[in-house]
Structure formats: C-alpha cells, structure tokens
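Below is one structure; the comments refer to it alone.
The values are calculated or read from the model by the stated rules, or taken from the named source; none is laboratory data. This one's a predicted model, so the numbers in the text were calculated from it and none came from an experiment. Positions of Cβ are generated from backbone atoms using ideal geometry, with glycine treated the same way; all protein chains shown enter the neighbour counts.
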Amino acid sequence: MGASQLTERTAPPARPDLHPKRIAGPPLAGEANAHRSKARGAARPDLRSPISRWRRFGASITTRLLVSYVVLLTISTALTLTVVRQILHTRVDEEIMELLEQEVSEFRRLVGGDDPRTGEPFGKDLDAIFDVYFRRNVPQEGEMVVGIVGDELRHVKRAHDARFPLDRRTDLIAEWARLERPARGEIHTPLGVARYLAVPVVLDGGGETLGAFAVLNFPGFEHAEIDSAMRLAIATGAVVLIVALLFAASMARRVLDPVRQLATTTRTITESDLTRRIAVRGADEVSQLAGNFNEMLDRLETAFGAQRQFVDDAGHELRTPITIVRGHLELLEDDPQQRQETIALVTDELDRMSRIVNDLLMLARSQQPAFLSLDLVDVAEVTEQVHDKATALGDRGWHNERVGRGHILADRQRLTQAIMQLAQNAVDHASSGDRIWIGSAMEGGEARFWVRDEGPGIALDEQDRIFERFARAGDTRRPSTGGAGLGLAIVRAIAEAHHGRVELESIPGAGATFTIVLPVSQPSLLVEEEP
C-alpha cells in the first residue's frame, strides 16, 4: 500500500486588503505576558548590590547548614572539653589527698618501728625519726614534707617546684604544733593553693605530743598541666573544626549542587527554550528531586512542543483555505448560478478545514496519557472486522491474507482507526481492481497488522518522511486525493502511543506494505502494577 502523494500546495498570494487588521482593545496574551515579565523585572531587586549579595549568601541553604554545623560542633566540643577538664581536676584533687594519706601512713609505720641504723627503738628521739624519714623520702612533684619538734620547724623537704618559705608562716607552724588530732585544710601561697594533711606525733603511748608531721601539695602544677593539655586540645579542635568545615562545605556544595542547578535552570527556562536539564549524580533525595524536575521539563517540553506544532500546522495548512473562502465571499456576486458554485466551493473548503482541525487535535491528544483506553483485544476479531469495513472504501480486490490468534492489551478503536487509515491510503493510491491484502500475526511477543497493495510504491529517499505531518509521496504515487497529509502521521502516533512502531517495505513499481507492530502488553501498565 502506498502513502499520500507528496506535493507541496502553494497558497495563492494573499491580497493585502484581506489580511485581518488589529483592532484597538485589550493586549493579546503574548503582549500581556511580556508586560507581566517587564513588571516582574522592574520589581526585582538589584542582585549585584553588596547588600543583596550578603542577603543571598545568608539565605542560602549551604550557608545555613554550615553555620548550624559549626555552632553545633563548637558547642559540643566546648561542653566536652569543659566536662573533661573538670573531671581531670577532680581526679587530681582525689589523687593528691590519697598521696597525703600515703605519706602520713608511711611516717606512722616508721614511728612505731625501730631505727634501721641501730635496730633499736627510737624512743622519744623525734629528731632521729625525722632524720631517717627525710633521708628515705623523695617528694613528688609539688609536694613538701614538714617535721615539727616541739613548736619549732626543724625538718623540711620539698620538690624543686615547691619553693615556698614555710618558716615565715609561724602562725601555721604554731597551729600544727598544738594539734591533738589529724587536720586537713588548704592555705593560699604565692605558688597557689596548697592542700595539707597534718598529724600530731605521740611516742611510746605516753599521750604527750612531741611535735607534728605535715605533708603539703600544690595542685596548681597538676592543674596547669591539665590546662595546658586543654589549650592544646582546643587548638587541635580548632584546626579539626576548620578542616571539618571545609570538608562539610565541599560535601554540602556537592550535595546541594542539583538544587543550585535547579534554581539556575528555572531562571533560564522560558516558554521558547525548555531544553535545559540538570545533571543527576547519585541516588539520594536531592538527586531524585533533580530527576523528577528533569522529567517535569520533559513533559512540559512535550506539551509546549505539541502546542507549537499544532499552532504551526494549523496556521500553515488553514491559511490557504481561509484565504480562498474569504476571497470568494468578498467577490460573491448576485448571479444565482455563481452564488451556488461559490457556496459549494466554500463548503468544500470548510469541510476540509474541519478534517484538518480534527486530525491535528487527534495528533495533539496522542501525547496525552488519556489518549488510549486499553483493554484486551482479540487480534483475529479486529483483523476480520477491519477487512469487512475496508471493502466499503472502494472497488478493489480485498483479501484477508492471514489472521493472527491471540490477545493483546490495546485500544480497540484507535487500533481499528490506524488500520483503516492504512486501508484508505491503499485505496487512494491503487487503481480500480488492484488487489489489497489485510493481515495480522502474533510473533515474538508482538502483534503485527499489515496492509499490502499493488500500487506504484514509494521511493527509498521518501520512505522516512512520509510519516511526517503534511508530507506526501512524490511522483511515484498517484496525484493527491485532497488529503492534508496527516493520515500516516496519525497512524504512527497511534502506534507509538501503544509503545509500538510502524514499518514500511516498498520498492518503486512493486507496491508497498505498511505494518503496525504493537507489544502484547503495555510497559507503562506493567510498571504501575508492581508493588
């Protein structure tokens, strides 16, 4: 079967006085949109000013995320370091008290024992006890050991960093000399606070206090080391925070890059340019948002493209009949015969315009989801019904070549319309008495419906473009029968709406075979049925 003849109809030059003139009134839609765009542009603040740039910087998601991240990390780090410092200080104080008690315990063991130099008891020789103890004792960091005989300070041994002149604190020495029980406390010195534990010395159970033994410790040295470590931790934390901030900024920039591209793309998208897309990387929520936005742009581009195509096609194809109708009506005379001829010509042109508009509307609707009403279709039943209907299209030799057996998911009315369009096309380009075959088959998960004729065929260089709108085959086919060249475009639109295709096999002078190939099941429905 062949296609419509491809002959470009040239519209006669339009008379200048026949063009519609613009009448003063409300602005057209395009002008109104332009005015609104100008108004929005005038109301938009200057983004190049420093204030606007700072506002945009402060309002960006990246800035807010980074600020929140820095504040949270700074607060958590500060709380952690404060708690750790307090715990370390508390542990140092506890260890100091344990050391003081340990020194006192060691001294008491020495008091109750014998002189290691002679092996004899010390008796009441307190100086000998202190002499032995101080020779054997090595003060730890920040520690000072004191021995008092009577009310006199006689023995002092201190660490190198505990250089405190205790002999000047006569009040404290007198207080320790009068002790009757152990005493704890702290004193303030130029080296800082010193904690002490002092005990009275009583020999041979006589109950007489001969002196006192005291151990002092300056925790400021230990605390200073802790504070130094904390300062080092703070400096390290600051460096880590800066590195983490840079890493977070990089990660936030990478994660939010689709969002920025989304904002940039939306600013550059216009009604005439919907080709911009966002690069999608990864599978997170932001990437899914970018993918959904790209899909939305695809749908919008398809919708606007269909709208522009409809307007272009309608303007291109309707211009000629409108000019003809208007010209004849303006030249209409009073002669009855001429009036009758003019009315017949105008009516024919109006019918042709109606067919063009209906075909264009169908092509526009073919890209909408509700274009098809899918149901199970019996292939054999559709083939036989189309054959019966096609016999009324013209005096041709109609043959039912083959009938497929099985069912497919399709729109019965749209499928019948497409096959009947192929049959009509074969009738238009075949001579009276020529044979036309209609057939179907089920092969490899696909249903095939074909119409084959004995017409003049289609040249190879024209076989691709005859499916375009308003395209007709060249001289190898018969002269045009008055169609607008939308028939094969409708057939292809119906096939593609079913996720199928149209195939053409033709050799000039040996006829043509048009085949509609449809899948047994529709992929879109299979996806929707998945849980």
Which residues, counting only those in region 178-217, are in a loop (DSSP other than H, G, I, E, B), at pLDDT 85 or above and in contact with a helix residue (DSSP H, G or I) (Cβ under 9 Å, 6 or more places away or on another chain)?
P182
Only residues that are at pLDDT 85 or above and either of a type in the set (D, E) or more than 14 Å from D464 (Cβ to Cβ) (or both): list them for region 491-510, please.
V491, A493, I494, A495, E496, A497, H498, H499, G500, E503, E505
Limited to region 114-135, what total is found for residues that are assigned to a loop (DSSP other than H, G, I, E, B) and among the acidic types (D, E)?
3
Any hit, region 246-268, residues being of a type in the set (G, A, S), part of a helix (DSSP H, G or I), surrounded by fewer than 12 Cβ atoms within 10 Å (Cβ to Cβ) and over 22 Å from the mean Cα position of the chain (by Cα):
no
Sole miss for S373 among (1) modelled with pLDDT under 80; (2) exposed (fewer than 14 other Cβ atoms within 10 Å of the Cβ); (3) among the polar types (S, T, N, Q) is condition (1)
Out of (1) surrounded by 19 or more Cβ atoms within 10 Å (Cβ to Cβ); (2) over 30 Å from T74 (Cβ atoms), what's the single condition that is false for E222?
(2)
Where residues in region 276-292 are among the small types (G, A, S) and surrounded by 13 or more Cβ atoms within 10 Å (Cβ to Cβ), which of them is nearest to T302 (Cα to Cα)?
G291
Hey, any hits in region 264-275 for a residue that's closer than 30 Å to L415 by Cβ and at pLDDT 70 or above?
no
Hey, G397 in the same structural domain as E505 (by TED's automatic domain parsing) and in contact (Cβ under 8 Å) with a residue 12 or more places away in the chain or not:
yes
